[in-house]
Each structure stands twice: as structure tokens, then as C-alpha cells.
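Structure first, commentary second.
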Amino acid sequence: MTRRPLTDAELEAALRDIGAHLRAPAPTQLAQRVRARIVVTRPEPARRPWLFALAPAALTLLVIGAGAAAADVIRVRGVDVFRVPAVSVPARQPLDLGERTTLDALRAAAQPRVSSDTAFARPDEVYVRRSAAGEQVYFAYHPRPGLPAGPTGYGALVGQFSGSLDASLIGKGVGPGTKVESTVVAGEPGIWIEGEAHFFFYRDARGDIHQESLRLAGNTLLWQHRGTLIRLEAQVSRERALEIAASFR
Amino acid sequence: MTLPDGQPDEHALVERARRGDGDAYGELVTRYQGIATRTAYVITGDASEAEEAAQDAFVKAYRALGRFRAGAPFRPWLLRIVANEAINRRKSMGRRATVELTEASDRPQGDRAVSPEEAALATETRRVVVAALDRLREDDRLVISYRYFLDLSEAEMAEALGVARGTVKSRLSRAMARLREVMRD
């Protein structure tokens, strides 16, 4: 059949007509079948931005004023730093660094980045935590002259995160008394946080926040080194922190 | 809150379902099962796949209720999940979707019956347009289907397609232009 092209109105009418003639199935007992499948489950809780995902206990760390939100965020791959109006001092949090191990045992199983700086070459304590988020290695250094104890009780704490950095692994909330600066360590982007203690937590591959890691932290340098996110927490100057960071191989 | 006809309103049902109330969610399923299945059918072109897709989408939507923005319209949000589920099924079916039409007689025009000639012309027009739709890209088919088969508003289409409201107009206009182009070939 040869016919003239349809006008716009005719084409629209034809489409509506097709809609009225669709041989779509008439669902039967769909509600019952859906109910049978959801009976053992509940809606999953919303995955909220960092600040609002904190459990009530964690809220003791924050004093969130009007307008405080994730708008003021500094990002390096794998890390989000949030400005918050204030950070209050919580009761001391137990430090959970994972399972105690030794540097030699760790070297046999993994390739931790090790500092060539004399003061940081041999950690006093070594911990490892393996999870869905990847592997986390912690080097702990006891306080000593030039390395005073920080909020963790250690003189310095080096955390190495080898999980994917595509999703933010680490969240930091910093108050007005804390300085946050972008920096570069061996050509890689980094963040230097100095001043009043800030709070810190990390998120696993599923996006869940690990509350046990929620605690106050001292001066901190975060940088990336060959696919690993390294966090140095020590009461040292920015220059000294950058020196130590550059010594990691 | 309930509507004048005694039915609880959508927001109230969603809120109850978010708290794990299966009855409330069952009510939402009953309310939207028709449009959900039609959406899935337009995409898959297969009745049984469409029913399965709609069912899976309702289950996924329930689990995702925690991420649903309180106070937002539920129907377009649900349709987006349905469409994703149906598109995945259509891809795994490995063939293009072709919808089938019923043989139902055409509706009378005003106060007079449709003549046999008019009915034949309407059937032929539907055949030509469906054949042209089958040759369109999936996103073009979807936007046309939402507008003319499911009669969604622009706001609902924007939500269901996950685009800005202004984008809906331009996307629909481009899809209609491509449909005309295909019909000219």
C-alpha cells in the first residue's frame, strides 16, 4: 500500500494507538510473588555522605552547625577531607590496627612500602588487617625525642592501604583550628593536615564505614605511592613529614 | 494519610514500606504492576520476560527503598529500575525486541463506528510504525514508549530516564525525527 507520509499529529495518534494495542501481559499475583521474595529481607539503609553516615556514638566527635555539609570537601584519590564547624574531644577510642605481625612475616606475604629514613626504617610494632576493602598494614613507632606521642599514643603511625582507590577509602573531618593543604610527594598528590586533632575513619569496598577506626588523629600526611595510599600520622612539621614520605620505597 | 477514596497515599505507603511493612509494599506493587509490566514488555518484547523483569525490579526497588528520596514520586523511580532490569534481560536474550499488537478492534470515532476501510488503514499504519520503531536505537524507542505508550508526563520521563527535564524534550524530538527518517527509507 502506497501512502503519503503521516503528519506529526497522525504519527502521534498512531503511536498512542499502538500503545492501546500492545499485547503486554496482564500481571497476575505479582504482589504475592514479590511479597514472598521480600519477606526475609528489609530495605537496605541508605548509603549517605560521610558526615551523615556516622553512628550515634560517632556523633560525639562532631558538632555540626547549620549549613555544615559535604560541600567543602578536599579530595585526593581515595581520600575525602571534610570541613566541619567543630571537632570535640571524645573519650579515648581503643586503637584497632588489626592483627600483630612482624615486618619479616609481612615481607614474605606482601610488599609493604618501607622507609629508608633511619628513624622510620624499623617500626616498633607491625599490624595487618585484611578485609574486602583490601589489605591495610600499620607500622607503629614508639614516642621518642623529636617524636612526641600523638592522639594514638604512638610517636608515629604509618598506615598503608592497598585497596582500590576508586571509591573513597578514608574520610577526615577537620575543624576550623586545623589547616589542610594540598601537597606533592614524589610527583604524586598528597594532603597535609596540621593543627587541632581531626577525626578519621575509613570505608571498605562496599562503602561501609568502619566505626572502630573512627578516632582523633594528629598531624597527618596522606599520599599515594605506586598504587598504595599511605598515611603518616606524627606530631612533626610538614617539612619533616614530607622528608619521611619521600623516603618510602 | 488516606485519599478521598479511602486508599492510603503513595508517600505513606512508601514510608511504611521503608520500615519493612510488606503489606504497604504489596499495595504499591498492586498499584504499579500494570505500568511496570508494560514498560518491561515494551523493552523486552517478550511477555514472560517482561513479567519476570517486573517482578525482579519490584524486589530490587524494595531493597533500594533506603536510597529513595523521601517525598519524590515513586512511579518514575520504579520505572527506571524496571527499565534497567528489562534492558539487561533483553541483552541476555540476544535479540532485538519486537512488540506484538492485539487484534482488538479500533475504538469508535465519536458517535460513529469505524468503517472497514478505516480499520484496515489503522492496522497498516500500526504495522508500519511498529516496524520503524523496531529499527530505532534502544534509547529512542524508550523515550517514545514512555511518552506515547505509557503516557508519562515530562517530569516523570525525566525521573525515569535519569535526565534533566529539558533534556527529555530534545531527546523525544530527536527520537521522533529518527522515527520519521526510518519510515521514509
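Quick look at the numbers
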quantity	calculated
J(HN,Hα) series, segment A:233-240, from Karplus relation 6.51 cos²θ - 1.76 cosθ + 1.60, nearest Hz, glycine and proline x	10, 7, 7, 10, 6, 4, 4, 5
Between 0 and 90°, nearest 10: helix B:74-93 axis offset from chain B longest Cα axis	60
Rg to Rh quotient for chain B, alpha carbon positions, Kirkwood Rh	1.02
For segment A:103-110, 3J(HN,Hα) per residue [Karplus equation, 6.51 cos²θ - 1.76 cosθ + 1.60, θ = phi - 60°, Hz, x = Gly/Pro]	5, 5, 4, 5, 5, 5, 9, 9
Residues of segment B:37-63 with amide N under 20 Å of a point placed 7 Å along Cα→Cβ from A:Thr28	B:37-41, B:46-56
Order by protection proxy (mean Cβ within 10 Å, highest first), peptides A:137-146, B:44-53	B:44-53, A:137-146
Between 0 and 90°, nearest 10: helix B:22-44 axis offset from chain B longest Cα axis	20
Amide H within-cut-off set for A:Thr101, under 5 Å, with H built and near neighbours excluded	A:Val126, A:Tyr127, A:Val128
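Laboratory data are not the source of any read-out in this text; all were calculated from the coordinates shown. None of these values were measured; they are calculated from a predicted model. When we count neighbours, we look across all protein chains shown, and the Cβ atoms used for this are built from the backbone with ideal geometry, even at glycine.
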